[in-house]
Structures are given as structure tokens and as C-alpha cells.
Ligand SMILES: NC(=O)c1ccc[n+]([C@@H]2O[C@H](COP(=O)([O-])OP(=O)(O)OC[C@H]3O[C@@H](n4cnc5c(N)ncnc54)[C@H](O)[C@@H]3O)[C@@H](O)[C@H]2O)c1
């Protein structure tokens, strides 16, 4: 594919495309939904918090965009299968996916880590990304192509004490992203991961309240990210401008991992 001056402008580059976003009711997922809608995509917004997904869909509709909302539990493969099938049926196929649903846990050393918390975090953050790709990819194969972005983290390549489950889950997301990318590299489906530093969303609200200055100091830019900044990178990776990019992890971390 040639990217030329006749390529669609950013304002309409996703026209006619359906994007399925998990974790779409909040934070990075919601910011990505709003940005893709402004660039012409139709949205299928999936979240375990169905009311939050409906709120974002309503805001997008008010701005003239197209969005429908679903309840999904990404830790339950049958729930994911159902939501992806309903979304694809609503549009005649699926083109794009952003797998952003995720949770954190209490900071606890490995030797004391709660076993249920391990299973919950790994099931939602890692198995959940696999379940999503498992049902999104066949829809994209039927469509003849597609693009997926999975949400990793700086904890996908580094670690922080007390986060064994979250760190392991995000390392796993990066591996699953690369393996899936290789499976479909010659079939028109690109799979990448985005690895943010700390982002100002409800996910980190408690830690931000307790240790905002320490959190900021980890980032050489001297601040944490806004969700819209991460959405810009996700949108780029989904766009035709990223046509040669697959199987890779893209940091947006204010310099966190550079030192
Ligand atoms: N905020 C950060 O600092 C940060 C940094 C790096 C990576 N990330 C990653 O980015 C992604 C989005 O995080 P965020 O900061 O926007 O968080 P957020 O808490 O604002 O949003 C996460 C959304 O996921 C939904 N969710 C939780 N469990 C779910 C489930 N089982 N099924 C479906 N939906 C579920 C929540 O209801 C929520 O709407 C996560 O994967 C997170 O690990 C966040």
C-alpha cells in the first residue's frame, strides 16, 4: 500500500471503519473512543461498567459521531465472544480494536501476594487481551484486514516492587501481541502494543493521591500523561500511516524508560 498525498486526512481517515474498544468507559479507552470518532470511525464501546460505556457513547453521539455500548467482562471468553459478535453484526464486520480494559492491585511483596488477586489481575489484564484478540481476529480475517492495539505499560518491560501480578500481566501482553502479530503479518492484520508511563486516569487515582510527587519524579518530563496523549499514539498505530508497523511495543512515557 502506498501512503501518498491522496491518503485520507486525519479528519476522516477512519470513515467506514468499526473500532471495538474495551475499557471504553473510562481513561485511555474513553479518550481513544472520542478521538477515533472525531476521525470518522464508528465505535463499539465495551466495558464491565456498562453505564460508563453508555455515557461515553452518548457524548460521542452528541458530537455527531456513531457509537454503541455493550457490557463485557474481558475475563470471561463467552462474554467477549458475544460482545465482539454483536458489534461486528451491527456494522457488517470489524476493522479495528483497542484492548484497554485493565486493573491494578494493592502493592504487596511477592511472598505475601494474595492468590485471588493474582488470578483476577492476570485473568483480566493478560487472558482478557488474549480472549479479545481470539474473537476479534477471525472477524478481521473475514474483512480482509485490520489493526489491533493492546495496552501494555512501562511495567511491560520494567518492574516496580509490589506489583508482581500487574508486571507479569503486562510482560505477557507484550509477548501475546508479538505472537499474534506474527500469526497474521501476511494476512493484513497488524497487532501492536502501547506502553504508557503513568496516565492521569481513575486507575491510578489512589496512588496519585498518596504519592503524586514521587510518581511525577519518575518521568524526566516532570509530569504524568493525559489520556488524550496516549490516544494519539493508539490512533496513529491503527491508521494507514502505520501500515508497516506490526509486532512492536511503543512507549509513551515522558522519558521514564530512557534512563
Ligand atoms: N493509567 C495509567 O497510569 C496506565 C499506565 C500504563 C498502562 N495503563 C493501562 O491502560 C489501560 C487503561 O487504563 P486506564 O488508566 O484508562 O484505566 P481506567 O480505570 O480509567 O479504565 C479502565 C476501564 O476498564 C474497565 N474494566 C475493568 N475490568 C474490566 C473487565 N473485566 N472487563 C471489561 N472492562 C473492564 C473499567 O470499568 C474501566 O472503565 C489498562 O490496561 C492499564 O493497565 C494505564
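Every read-out reported here was derived from the displayed coordinates using simple, explicitly stated rules and does not represent laboratory data. What you see is a predicted model, and the numbers here were worked out from it, not measured in a lab. Reconstructed Cβ throughout: ideal geometry from the backbone, glycine too, with neighbour counts over all protein chains shown.
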### Query
Among the residues of the stretch 122-177, which ones are in contact (Cβ under 8 Å) with a residue 60 or more places away in the chain, more than 12 Å from the ligand (Cβ to nearest atom) and farther than 21 Å from residue 76 by Cα?
147
### Task
Name the helices (runs of 4 or more DSSP H) wholly inside the stretch 146-259 in which the number of residues that are within 19 Å of the chain's Cα centre (by Cα) and crowded, with 23+ Cβ neighbours inside 10 Å is 1 or more.
164-184, 227-238
### Query
Just to be sure, is residue 204 touching a residue at least 40 places away in the same chain (Cβ under 8 Å), out of contact with any strand residue (DSSP E or B) (no Cβ under 8 Å at 6 or more places or on another chain) and within 11 Å of the ligand (Cβ to nearest atom)?
yes
### Query
For the stretch 78-106, which residues satisfy the criterion of being within 12 Å of the ligand (Cβ to nearest atom) and more than 19 Å from residue 145 (Cβ to Cβ)?
79, 80, 83, 100, 101, 102, 103, 104, 105
